[in-house]
Structure formats: C-alpha cells, structure tokens
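Participant: First the structure, then my questions, so here it is.
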C-alpha cells in the first residue's frame, strides 16, 4: 500500500488525486490513467492505501504541490482537454473557487447498483439556492488549492455536496463549464449501495449546514 506520485514535465499546474479502490486496479490502469495522462496535469497522485475515499483524497492532497487540484475517482473517463478547459475557466474567472461540468453515468449490468440504467447529469449554471436544496456538482471538479477546505472524513456519503456547501458558507462559488463532460462508470454499488441510505445522508448534510 502506498501513495504513488508521477510528474509530467511542463504539464498543467494541476495535481490530479485518485483514491484507488481494491479490485479496480486493472480498470484504472487500462482505461482511466491513460486519459488522465493525456490531459497533461503536472502531477498524478494515486492513493491505494486502506481507508475510505475522503481520507484517501485528503491524504493525497497533503502530498500535492500544484495550485489547482482535481479529485477523480478510479472509474472516471475524462474527455480530451477536459482539465485544460476547466483551468481556462478559472483563469478567466479569478473570483471563482472551482470549475465543474456534468457527466454521463454508465451503470454496468449485474452490479446490484440501485440505479437501474444509464443516466445523464447535465451541466447546470451555479445557483447557491439550488445547491442548498440538493447537489448538482460532481466531486470531479477543478479546485483552487488555497480554497480547498478538505473533505469531511466522518461522512460516508455526499461528501462532495458537503464540500461545496462548506465553500459556499465561506463565500466561495463555482463556475459551470458547458463545452466538456466526462463518463462515470458504475462498476459496483460502491457508496451508493442500500447500506448507505441516501435520505439519512441528506439529513446529515442539511443538519450540519443548518438547512433543515
């Protein structure tokens, strides 16, 4: 078990951080990693230590050095120049803390996943009131390093929603990028399984942020 760091000379000023799960190494190495490398970030940090994703992301962040960070799961396929487009959005909008997109979800058959078929999460312009009601922003967003508050490691689900609400409470907003998206492959039930009840997770987040 380790945290592996690869450097790309003259890459974009981005640290890509991956919490690698057991059993997904082959899929990650064959499909996910080559597309990350093609996006040309300066730094790729793969954390395959034991533990839940929030801690693995935070531990990876501690090893990172670049002014922008991008957390990506081990079942995500990026479009060409995806990171460059997010970076340009932040460079052109210095007041924004992070840049995000929508994505297409691909649910693999026979995984017992609660989602019954493929789906699309559209790219939606930032709306703080809508964000307080529900999450429409993926973990796979480019964040300014100095704004990142770290993931709440006590949460078992909806850590990304908690992250965006925490930033919002500090006056930091995101910006939607409409000319790119990514593919999310649901290879197994993961944290969205029935053992992690969605309604309980929503109540936990809303209580934490005084939204009830």
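The values are calculated or read from the model by the stated rules, or taken from the named source; none is laboratory data. Just so it is clear, the model here is predicted, and its values are computed rather than measured. No Cβ is skipped: glycine too gets one built from the backbone with ideal geometry, and neighbour counts run over all protein chains shown.
Participant: Looking at (1) surrounded by fewer than 20 Cβ atoms within 10 Å (Cβ to Cβ); (2) in contact with a helix residue (DSSP H, G or I) (Cβ under 7 Å, 6 or more places away or on another chain), which one does residue 25 not meet, given that it meets all the others?
Facilitator: (2)
Participant: I'm told residue 137 meets every condition in (1) closer than 28 Å to residue 41 by Cα; (2) touching a residue at least 40 places away in the same chain (Cβ under 8 Å) except one. Can you identify the failing condition by its number?
Facilitator: Failing condition for residue 137: (2).
Participant: State yes or no: is residue 104 more than 17 Å from the chain's Cα centre (by Cα) and surrounded by fewer than 16 Cβ atoms within 10 Å (Cβ to Cβ)?
Facilitator: No, not satisfied.
Participant: Return the residues of the range 63-87 that are under 15 Å from residue 143 (Cβ atoms) and surrounded by fewer than 17 Cβ atoms within 10 Å (Cβ to Cβ); say none if nothing qualifies.
Facilitator: Hits for the range 63-87 are 65, 67.
Participant: Identify all residues within the range 1-37 that are touching a strand residue (DSSP E or B) at 6+ places or on another chain (Cβ under 7 Å) and part of a loop (DSSP other than H, G, I, E, B); write none if there are none.
Facilitator: 8, 11, 20
Participant: Among the numbered criteria (1) closer than 28 Å to residue 126 by Cβ; (2) in contact (Cβ under 8 Å) with a residue 24 or more places away in the chain; (3) assigned to a helix (DSSP H, G or I), which one does residue 59 miss?
Facilitator: In the conditions (1) closer than 28 Å to residue 126 by Cβ; (2) in contact (Cβ under 8 Å) with a residue 24 or more places away in the chain; (3) assigned to a helix (DSSP H, G or I), residue 59 misses (1) alone.
Participant: Another question, if that's okay. Take the conditions over 17 Å from residue 183 (Cα atoms), surrounded by fewer than 18 Cβ atoms within 10 Å (Cβ to Cβ) and either touching a residue at least 24 places away in the same chain (Cβ under 8 Å) or out of contact with any helix residue (DSSP H, G or I) (no Cβ under 8 Å at 6 or more places or on another chain) (or both) and apply them to residue 92. Does it pass?
Facilitator: Judged against the criteria, residue 92 is a match.
Participant: Is it the case that the range 83-96 has a residue that's at pLDDT below 95 and more than 24 Å from residue 30 (Cβ to Cβ)?
Facilitator: no
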